[in-house]
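Working notes, structure below.
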Amino acid sequence: MMTTGTMMTTTIGMMTTGTTMTTTETSGRASGTRLSIRARLLIGMLLLTGATLLIAGAVNYVIERQSLETQMDESLARDVEDFRVLADTGIDPETQEHFTQAADLMYTAMQYNQLAETQSVIGMQDGEIVWSAPENVSLRLEQDPEFVAWAAGVEPESAYITTVETDESTYRAAVVPVHLAQDSAPGVYIEAADLQAELREVHMSLAIFIGAGAGALLIGAIAAWLLVGRMLQPVRDLQATAQRISEEDLDSRIQARGHDEFAELTETINNMLDRLQLALEQQSQLLDDVGHELRTPITIIRGHLELMDSHDPDDVAQTRDIGLDELQRMSLLVNDLVTLAQSNTTDFIRPQPTDIGDLMHDITAKAQALGPRDWSLTSRAQGTVTIDTARLIQAMLQLCANAVKFSEPDTSVELGSTFRHSESAGTELCLWVADSGIGITPEDQRGIFKRFGRGSSGARTQGSGLGLNIVSAITAAHGGTIHVESTPGAGSIFIITIPLEPTDQSATLPDTTLPTSPSPEQESDS
């Protein structure tokens with residue numbers, strides 16, 4: 001049997017087991033058991049919540065136990081003080097004098113003491129029990145042999161409170177020595193409280209807390225599993241989409257859900273897939289276009305070289321001229337293809353503030369070198385706009401070259417610019433080139449802005465078919481559109497429309513009427 005002081009030590013231990021994962025370097029991926037992100041998040045949430053509940057429960061248990069022990073010690077201390085007062089000032093009921101016998105004092109104290117259900121007392125003298133608690137007290141200390149044996153060996157010099165552990169229970173006991181002058185042997189008054197019985201309620205509360213916590217963890221785990229599954233749905237969609245995507249199937253996209261970070265990630269991935277699909281399609285188209293367009297000049301050069309009489313100077317010179325002409329055409333074609341390939345890059349245009357009036361004056365001056373036409377600048381907007389000057393000059397001169405190609409010498413070619421306001425698009429810059437040429441049939445208008453798009457008859461079947469496609473790419477890079485108004489035999493008007501930024505000075509300029517023309521059509525570069 002062991003007696004301990006008032007100090008109590010609580011030890012709480014946790015054991016966690018880890019999972020060892022074996023990795024291999026053959027494919028760069030982990031092998032063995034694969035734990036999904038959903039499961040890892042759920043396990044992490046449960047461990048965190050469980051640890052929180054465990055800490056809260058342990059702290060609450062320690063506080064409740066310490067509070068209970070403090071209350072028990074205070075109750076024992078009050079009873080000890082009452083015993084001292086009785087010993088100092090009490091009157092023996094039988095003799096009507098002060099107490100002279102320890103046994104009488106202890107008996108009287110037991111009769112006056114109001115004991116709780118978990119408390120009891122005994123009186124010892126010469127190692128023997130002389131008095132025990134009244135019969136109505138349920139806790140019988142005299143029935144615990146280990147406690148009686150401990151009490152028989154106690155010889156205190158002063159009162160104190162201690163803990164007594166036996167096989168039957170654990171007690172908090174107040175020990176009070178009783179020394180009276182006429183007593184032949186000193187007595188020991190012991191009041192004890194059953195600590196385990198008092199702790200049963202605390203243990204019951206702890207058990208209820210553990211049960212409620214386990215139930216809450218289970219409900220939380222189910223809710224978290226469903227919630228995390230819904231949150232990670234875009235990731236699973238991304239995985240499924242990535243598995244479906246191949247060079248033959250690039251049309252699959254991920255459905256965006258909500259407005260959170262996963263939705264933003266979905267939009268980013270979809271935009272990336274759009275760019276990837278566009279790049280692959282353009283790559284495939286470029287290979288087809290290059291193979292198709294370069295095959296003819298290569299065949300021509302090879303054929304003339306194979307048939308050339310190297311001993312005939314005239315034949316050599318003629319073949320040389322043909323080869324140089326075809327190589328020049330190939331060079332122009334390659335340059336156009338490079339320009340179209342660059343149109344898909346982010347730095348294809350470099351916008352900067354530009355005076356639109358001065359720009360149109362420069363374009364008109366440069367266009368006059370393209371051919372003997374009656375060039376005129378019929379309308380010139382005034383203001384500063386944010387555009388790529390070099391690219392826009394390239395587009396307008398291409399339209400001017402088309403006007404020269406499909407019109408007669410000394411006929412009229414008009415250039416112009418204006419600002420136009422609309423409620424839907426805001427302020428727009430409109431540029432146009434109008435000629436008095438052969439015009440465009442409705443059938444040809446549908447494909448002339450496509451790559452290698454040409455007219456179906458006459459002069460429009462000539463050329464590379466890339467000029468108007470380059471103009472369309474430059475316009476699209478500015479966020480604008482291009483269309484044509486044309487009537488066969490009456491000429492065409494190509495109109496470029498570019499939306500302006502709110503900071504452009506032109507946004508405050510008045511509307512200007514666009515030129516009228518025969519009918520909306522589209523013209524081809526040849």
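The values are calculated or read from the model by the stated rules, or taken from the named source; none is laboratory data. Here the structure is a predicted model, which is why all the values come from computation and not from measurement. All Cβ positions, even for glycine, are placed from backbone atoms using ideal geometry, and neighbour counts span all protein chains on display.
At a glance:
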read-out: Residue, modelled with the lowest pLDDT, within the stretch 24-41, restricted to residues that are over 20 Å from V235 (Cβ atoms) and surrounded by 10 or more Cβ atoms within 10 Å (Cβ to Cβ); value: T24
read-out: Failed item in (1) of a type outside the set (F, W, Y); (2) within 23 Å of R78 (Cβ to Cβ); (3) touching a strand residue (DSSP E or B) at 6+ places or on another chain (Cβ under 9 Å), with N136 passing the rest; value: (3)
read-out: Any hit, the stretch 163-177, residues being loosely packed, with under 14 Cβ neighbours inside 10 Å and among the polar types (S, T, N, Q); value: no
read-out: Pick from the stretch 103-160, criterion exposed (fewer than 15 other Cβ atoms within 10 Å of the Cβ) and polar (S, T, N, Q), ranking: nearest to Q182 (Cα to Cα); value: S158
read-out: Qualifying residue in the stretch 238-255 (condition: within 30 Å of Q342 (Cα to Cα), touching a Lys or Arg at 6+ places or on another chain (Cβ under 6 Å) and not assigned by TED's automatic domain parsing to the domain that holds I470); value: yes
read-out: Condition met for T411 (modelled with pLDDT of 90 or more and closer than 30 Å to Q285 by Cβ); value: no
read-out: Qualifying residue in the stretch 326-339 (condition: farther than 21 Å from S417 by Cα, in a helix (DSSP H, G or I), over 58 Å from the mean Cα position of the chain (by Cα) and acidic (D, E)); value: no
read-out: Number of positions in the stretch 343-383 that are touching a Phe, Trp or Tyr at 6+ places or on another chain (Cβ under 8 Å) and either in a loop (DSSP other than H, G, I, E, B) or not assigned by TED's automatic domain parsing to the domain that holds A395 (or both); value: 2
read-out: Test: residue in the stretch 261-279 that is in contact with a Pro (Cβ under 7 Å, 6 or more places away or on another chain) and farther than 30 Å from A39 by Cα; value: no
read-out: Members of the stretch 406-428 that are within 28 Å of I438 (Cβ to Cβ) and touching a strand residue (DSSP E or B) at 6+ places or on another chain (Cβ under 9 Å); value: F406, S407, D410, T411, S412, V413, E414, L415, G416, S417, T418
read-out: Lone qualifier among V85, V62 - being in contact with a Ser or Thr (Cβ under 7 Å, 6 or more places away or on another chain) and either farther than 30 Å from W225 by Cβ or surrounded by 12 or more Cβ atoms within 10 Å (Cβ to Cβ) (or both); value: V62
read-out: Condition met for D309 (assigned to a helix (DSSP H, G or I) and over 23 Å from Q394 (Cβ atoms)); value: no
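Yes/no per residue for (1) in a helix (DSSP H, G or I); (2) more than 18 Å from A173 (Cβ to Cβ); (3) at pLDDT below 85:
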residue: I43; (1), (2), (3): yes, yes, no
residue: T52; (1), (2), (3): yes, yes, no
residue: A58; (1), (2), (3): yes, yes, no
residue: Y61; (1), (2), (3): yes, yes, no
residue: S67; (1), (2), (3): yes, yes, no
residue: M72; (1), (2), (3): yes, no, no
residue: E81; (1), (2), (3): yes, no, no
residue: P93; (1), (2), (3): no, yes, yes
